[in-house]
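Shown next, in structure tokens, is the structure this report addresses.
The values are calculated or read from the model by the stated rules, or taken from the named source; none is laboratory data. Keep in mind it's a predicted model, so treat the numbers as computed, not measured. Methodologically, a virtual Cβ is constructed for each residue, glycine included, from the backbone with ideal geometry; neighbour enumeration extends over all protein chains shown.
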Amino acid sequence: MPVRRYVREIRGPVGFGPLILPGVSAAVIDLTGRYLLARHVAGDQWAFVGGGIKPLEDPRAALCKEVAEELTAVEPDVNGLDSAHRAPCHAIT
């Protein structure tokens, strides 16, 4: 996976320690209670739909974009957005 330009620019001054980058994810649930999971690009891992947020991008707009990428035939509706939270660390398991 290519490294985005702004991540490379951040790495210059801070080196190769951990970076905290904002992101969004969504539990997409259909009317029958089924969840949409996306296969991680690294292989056999699965996760909720999500991705990084560009600098100054609105989180709700970023979430709509990520969901729309997975559900090309459906207009995403984030009116059911339940919560927003911050986590000190995120790992795909």
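In the range 44-65, the count of residues that are in contact with a Lys or Arg (Cβ under 8 Å, 6 or more places away or on another chain), modelled with pLDDT of 75 or more, of a type outside the set (Val, Ile, Thr) and assigned to a loop (DSSP other than H, G, I, E, B) is one or more. One residue stands out in the range 1-33 among those that are of a type in the set (Gly, Ala, Ser) and assigned to a loop (DSSP other than H, G, I, E, B): the one that is nearest to residue 72 (Cα to Cα), namely 27. For residue 28, the criteria (1) out of contact with any Leu (no Cβ under 7 Å at 6 or more places or on another chain); (2) farther than 17 Å from residue 4 by Cα hold in every case but one, which is (1). Checked against the criteria, residue 35 counts as at pLDDT 85 or above and either surrounded by 10 or more Cβ atoms within 10 Å (Cβ to Cβ) or under 11 Å from the mean Cα position of the chain (by Cα) (or both).
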